[in-house]
Amino acid sequence: MLVDFDYFFAQCEEGRNPLIRDKPVVVCVYSGRTEDSGAVSTANYVAREYGVKSGMPIFLAKKKLANVDAVFLPVDRDLYEEVSFNIMSVLKTYADLFEQVGIDEAYLDVTERAHGSFEEARRLAEKMMDEVKSREKISISIGVGPNKLVAKIAADFKKPNGLTLVKPEQTQDFLAPLPVNRLLGVGKKTNEIMKSLGVKTIGDLVRFDVKKLTGVFGEKLGAYFHDAAFGLDDSPVKERGEAESISRISTLKEDTRDLTVIMNTIKAHCEDIYMSLGQKGLRFKTVSVVAVMKPLSIRSRSKTFESSLTHLEMLENVAEELFRRLIDETNLEIRRAGVKVSGFSKEPDQQKHLSDF
DNA sequence: GTATGCTTTCGGC
DNA sequence: TTACGGCCGAAAGCATAC
């Protein structure tokens, strides 16, 4: 099954201040460039009634909520991480196998403890919804299916506070009428391509020739889309370890191509990442920089070393070199700038010396 | 031909 | 009038080694 926390950030804010519950609540990432520049992270369902959506520019959300008693709040990640941790702890007690995905989602394999029965799985899901609600005051939505792919789509079917079961024999009929972009991996661009192929629903995809599909999307993705249309997925629910990359990105005060200006911001990000690495005891082999250009297109450059990097100065120097290259290879101005490290290895334990004793 | 590694882009939340 | 975040992982595309 897939568990999804309903309008999570906004629901956390409602929990902290129940007085706002009946108003539109919009949780925002303010970029700091101007008063209202930034994007909507999450909105509660009252705000959604007015057409407010995740990813929308804040000014647009304000426009839609003009003359309404709405609440706009900045994201408070620390709060959401704490609530998330508490909920995840509860969910884990219901699962044979557990896989957290991001801050507000988790897959649970309950095959064994439900003895393969969907009715038993339903009872588990209902109990879990009650327990999370009473302990953390957060409503969740759950999809139960024969595999992760179907569970994920089922969870989306009814929310908030929804529970949707899709048994194996119901899978085809359940999926067929749904728009193809419900499938993981079909975003805006892929959806456009699908549309040009005459594929609007998952049912259309079922009838589409697999050879043509791999011709358009490549061997692996084409085969995946074909299987997905039939509700086929054998990927296991797997515990995830630590993150494989750490990145920081922010919006610049103004668009620029000036390396010195960009490095001011980037150095702060490097320090932040470096501190985080230190806490986790990690070294890294790969440095990437990413730039969001004025027209919101994205460019990135990266460099991988044979052995791990250790010093903050090295990280900063490599990032600067990569940005120099990136700027060199475009005429566009840069709006947002970020840096990412990956290719982690564990820092070797401090060698103990006799003199330490 | 296959395996592997690196860079870049895409998509989800 | 224009206006728009900050993360993460997956996979395509390419190069290289054997």
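Once the Cα atoms are used to define both axes, helix A:118-136 deviates from the longest principal axis of chain A by about 50 degrees. Bridgeable lysines around A:Lys200 (alpha carbons under 30 Å apart, same-chain partners fewer than 8 residues away excluded): A:Lys53, A:Lys64, A:Lys148, A:Lys152, A:Lys158, A:Lys159, A:Lys167, A:Lys188, A:Lys189, A:Lys211, A:Lys212, A:Lys220. Across segment A:262-271, computed HN-Hα scalar couplings (Karplus, 6.51 cos²θ - 1.76 cosθ + 1.60, θ = phi - 60°) run 4, 5, 4, 5, 5, 4, 4, 5, 4, 4 Hz from first to last residue, x flagging Gly and Pro. Helix A:77-92 against the longest principal axis of chain A: what's the angle in degrees, Cα atoms only, rounded to the nearest 10? The answer is roughly 40 degrees.
For chain A, the spherically averaged projection of the C-alpha convex hull amounts to 23.6 nm².
The loop-placed trypsin sites (Lys or Arg not before Pro) in segment A:140-176, going by DSSP, that have at most 16 neighbouring Cβ atoms within 10 Å of their Cβ come out as A:Lys158. Close amide H pairs (under 5 Å, H built 1.01 Å from N) link A:Asp76 with no residue at least 5 positions away or on another chain.
Normalising the average separation of contacting C-alpha pairs (under 8 angstrom, six or more residues apart) by the number of residues puts the relative contact order of chain A at 13 percent.
On C-alpha positions alone, give me the angle between the axis of helix A:219-229 and the longest principal axis of chain A, in degrees, nearest 10. Long axis of A:219-229 versus the principal axis of chain A: about 30 degrees.
Work out the charge dipole of chain A with +1 on the Cβ of Lys and Arg and -1 on the Cβ of Asp and Glu about the Cα centre, then indicate which of A:Leu197, A:Gln279, A:Met1 is farthest towards its positive end. So the residue furthest toward the plus end is A:Leu197.
Coordinate-derived values only; no laboratory data. Since we're looking at a predicted model, the values are computed, not measured. Neighbour counts are summed over all protein chains in view; Cβ atoms, including those assigned to glycine, are modelled from backbone coordinates with ideal geometry.
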